[in-house]
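Data first, discussion second: the structure below is written as structure tokens.
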Amino acid sequence: MKVLHLDKNHPLIIEQFKGFGFTNDVDYTATKEEVEAIIHNYEGLIIRSRFPLDKTFLDKATNLKFIGRLGAGLENIDTDYATQKGIFLASAPEGNRNAVGEHTLGMILSLFNKLNKADKEVRNGKWDREGNRGIELDGKTVGIIGYGNMGNAFAKKLRGFDVDVICYDIKDGVGNENATQVDLEELQQKADILSLHVPQTQLTKNMITANFINGFKKPFWLFNTARGKCLVTADLVTALKEGKILGAGLDVLEYEKASFEHMFTDNELPEDFEYLIKSDNVLLSPHVAGWTVESKIKLAQTIVDKVKAKFL
């Protein structure tokens, strides 16, 4: 089988594919149009998020048998059309779910204990103990929206804390020993903390709006390690100003391009983002919740294992 690799990943994926007898070609710089001109030569494709694999691309991939996407989501691929064409789709949420769970918990503890604020102040010679008095996670109710691989991994990390964990998902029967499944109204009534772990779909795009936020019974903390376009930033900023959201941890932003590598299309920062970067109760990271040394290995191995199970 001949495989084209469009993004750099852990070398084990090429090494193990070689062991299967696959031929591996790499091209980390070609444009979508340039790849379209040669993709008919390949049965396998490995990609992270270089460019979208739309109908035009898939129609040119006349011999493609599988697409391996080194990440959790498949929103960059026209999955319905690929499935119609009999292409096997393999993503790897199992590979970075632990990293996402740890990152989300780290964001919560950092914000609750004002660690970033305190660190900057001490470095600047300011010793303000009372101004950096934290709050404890114990006793809180944590609401999780999206209880698949990522939501489950995050809930597992909370087992060492005295918290109530509830989850909402469009699928029935997903609750387990780590989280009780509830409807959305109950989650909005009870949650002190909201953590998003949903894929990007038509249902989840712009899911968190002013109306959604106003549906919560009490002010809450918001954490998004899922997809930036699930959250309307302008409505988040308004809620932060009004105290309806107490603080936010954002690993993703709605301004990101589909490639996730570059956030802004020009040099001007959006006004709402300017507010976020100046806020002590907002913690930001550059879409790295699932981006660890260990997850790089596990993502690649997950794809290898899925391809092997399907074709060998």
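Summary table below
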{"quantity": "Centre separation in Å (Cα based) which lies between the stretch 270-302 and the stretch 121-137", "calculated": "24 Å"}
{"quantity": "The stretch 1-55, relative contact order [Cα under 8 Å, separation at least 6], %", "calculated": "53 percent"}
{"quantity": "Most to least accessible of Glu294, Glu256 (protein chains only, probe 1.4 Å)", "calculated": "Glu294, Glu256"}
{"quantity": "Sequence-distant aspartates and glutamates (8 or more away, or on other chains) whose Cα lies within less than 20 Å of Lys85", "calculated": "Glu36, Glu43, Asp54, Asp59, Glu75"}
{"quantity": "Tilt relative to the chain, helix 93-112 - C-alpha long axis, 0 to 90 degrees, to 10", "calculated": "20 degrees"}
{"quantity": "Positive-end residue of Ile46, Ile135, His103, charge dipole of the stretch 23-166 with Cβ unit charges", "calculated": "Ile135"}
{"quantity": "Amide H contacts under 5 Å for Ile77, placed H, 5+ residues apart", "calculated": "Leu53"}
{"quantity": "Measure of compaction for the chain (Cα Rg per 2.2 N^0.38 Å)", "calculated": "1.08"}
{"quantity": "Length released on extending from Thr83 to Leu109, taking residue separation times 0.36 nm less the Cα-Cα span", "calculated": "5.2 nm"}
{"quantity": "Under 20 Å from the Cα of Lys126 - lysines, other chains or at least 8 residues apart", "calculated": "Lys114, Lys117, Lys278"}
{"quantity": "Listed residues Arg159, Arg123 arranged by accessible area, highest first, probe 1.4 Å", "calculated": "Arg123, Arg159"}
{"quantity": "Exposure of Ile38 as accessible area (Å², to 10), given a probe of 1.4 Å and all protein chains", "calculated": "60 Å²"}
{"quantity": "FRET efficiency estimate (nearest 0.05) - Cβ-Cβ, Glu121 to Lys241, R0 30 angstrom", "calculated": "0.85"}
{"quantity": "Hydrodynamic radius of the stretch 118-201 per Kirkwood, over alpha carbon pairs, in Å", "calculated": "14.4 Å"}
{"quantity": "Cα coordinate range in the stretch 1-96, projected on the principal axes (Å, largest first)", "calculated": "31, 28, 25"}
{"quantity": "Intensity falloff of the stretch 54-180 expressed as log10 I(q)/I(0), Debye formula with alpha-carbon point scatterers, at q = 0.14, 0.15, 0.20 Å⁻¹", "calculated": "-0.79, -0.84, -1.08"}
{"quantity": "Karplus-derived 3J(HN,Hα), 6.51/-1.76/1.60, for each residue of the stretch 173-185, Hz, glycine and proline x", "calculated": "x, 9, x, 8, 5, 9, 7, 8, 6, 9, 7, 5, 5"}
{"quantity": "Extent along principal axes [Cα atoms of the stretch 146-270; Å; largest to smallest]", "calculated": "47, 32, 28"}
{"quantity": "Chymotrypsin sites (Phe, Trp or Tyr not before Pro) within the stretch 117-218: DSSP coil, no more than 14 neighbouring Cβ in 10 Å", "calculated": "Trp127"}
{"quantity": "Set of lysines near Lys296 by C-alpha distance (under 25 Å), chain-local residues within fewer than 8 positions excluded", "calculated": "Lys2, Lys8, Lys18, Lys32, Lys65, Lys156, Lys157, Lys229, Lys257, Lys306, Lys308, Lys310"}
{"quantity": "Computed FRET value (nearest 0.05) for Lys60 with Arg159, which takes r as the C-beta separation and R₀ as 51 Å", "calculated": "0.60"}
{"quantity": "Nearest-20 debye value, the chain charge dipole, Cβ charges on Lys, Arg, Asp, Glu", "calculated": "640 debye"}
{"quantity": "Cα convex hull of the stretch 187-238, projected area averaged across orientations, nm²", "calculated": "3.4 nm²"}
{"quantity": "Gap separating the Cα centres of the stretch 1-59 and the stretch 173-243, nearest whole Å", "calculated": "36 Å"}
{"quantity": "Cα pair count fraction exceeding 17 Å, expressed as % - the stretch 200-312", "calculated": "62 percent"}
{"quantity": "Probe 1.4 Å - accessible area at Thr31, Å² to nearest ten", "calculated": "60 Å²"}
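The values are calculated or read from the model by the stated rules, or taken from the named source; none is laboratory data. Fair warning: this is a prediction, and the values are worked out from it, not measured in the lab. Glycine also receives a Cβ, built like all others from the backbone with ideal geometry; neighbour counts cover every protein chain displayed. The area values use the complete protein model at the heavy-atom level, side chains included, leaving out ligands, DNA and RNA. Shrake-Rupley method; radii C 1.70, N 1.55, O 1.52, S 1.80 Å.
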